[in-house]
Amino acid sequence: MLILMFRSCFSGVLLLVLVSVNLSLAQGTKWQDADSSGAVTYAAPMPKFPGGQAEYLRFLKKNLKYPPAEYWKGIHGKVLIQFVVDTNGVLLSPHVVKGIPEGEALNQEALRVVSKMPDWEPGLREGLPVKVRMNLPIAFNLSDEIPVTSSVPPAFQGGPEAMQLFLKNNLVYPRVAKRRKIEGTAIVKVIIDKNGAILRPQPVSKIGSGIEDEALRLVQAMPAWVPGSNDGHIVEKEVLIRVEFKLTEEK
């Protein structure tokens, strides 16, 4: 009877020890290839966005916003974000390891989106959750259908063709720029208010030689725009107006 009780107690203690060891392994196994934080760069399977690739792409389409200034300047590329997925799937310490030159707003937008992601499915080694360090590229493509402005952006009266005609008929090429044979695209940032009025015009580009001054004069001479709206509600909205300066045009 005493022997049976001893065996029973011993089995219980052994089971408790095994459970404790397995729990300890699951929470923080020290792998030989782990870095100082205990994270590895390979697991099988690797950490995964909840729902897989389709849900990941759906998340990006819903949440990634192309910064307007970079969009109109044609700045694009990939931002590489690094982070650690811990044993619970939580994303730790996301940061930019390779950004887009002259695209700091794109770098920060990529970081914002990654920081907003839900917990991932953790990576496994030998069936146990493991911390994994990952690099995730976030692409900004000018051809992507990524919302840049409001659901219905402000518009020049008569549309883009009418605005181009207005610019063609009213643009006066600056003498200094013409003499120096300077061309380029001037960008002017404005606010279109709820009545379509153009407020606070401010040059964004830095071509010089009178280019921005002429672009500013043209924008200030424009008629009222059709205001933008969000979900059917008229709102104030920031707009970037591009003015092309080409010496092939007789001005």
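The values are calculated or read from the model by the stated rules, or taken from the named source; none is laboratory data. Note that the structure is predicted; figures quoted are calculated from it, not measured. Because the Cβ atoms are built from the backbone with ideal geometry, glycine has one as well, and the counts that use them run over all protein chains shown. When the accessible area is computed, the model is the full protein with side chains, heavy atoms only, and any ligands, DNA or RNA have been set aside. Shrake-Rupley method; radii C 1.70, N 1.55, O 1.52, S 1.80 Å.
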Response to the item:
Counting only residues that are surrounded by fewer than 16 Cβ atoms within 10 Å (Cβ to Cβ) and modelled with pLDDT of 90 or more, segment 239-251 contains a total of 3
Worksheet item: Among the residues of segment 101-141, how many are charged (D, E, K, R), open to solvent by 30 Å² or more (accessible area, probe 1.4 Å) and assigned to a helix (DSSP H, G or I)?
Response: 2
Worksheet item: Of all residues in segment 161-200 being of a type in the set (Val, Ile, Thr) and more than 14 Å from Arg217 (Cα to Cα), which is farthest from the chain's Cα centre (by Cα)?
Response: Val176
Practice prompt. Scan segment 79-100 residue by residue and report those that are closer than 25 Å to Tyr66 by Cβ, surrounded by 15 or more Cβ atoms within 10 Å (Cβ to Cβ) and of a type outside the set (Gly, Ala, Ser).
Written response: Val79, Leu80, Ile81, Gln82, Phe83, Leu91, Pro94, Val96, Ile100
Worksheet item: Can you find a residue in segment 154-170 that is closer than 30 Å to Gly99 by Cβ and either outside any helix (DSSP H, G or I) or modelled with pLDDT under 95 (or both)?
Response: no
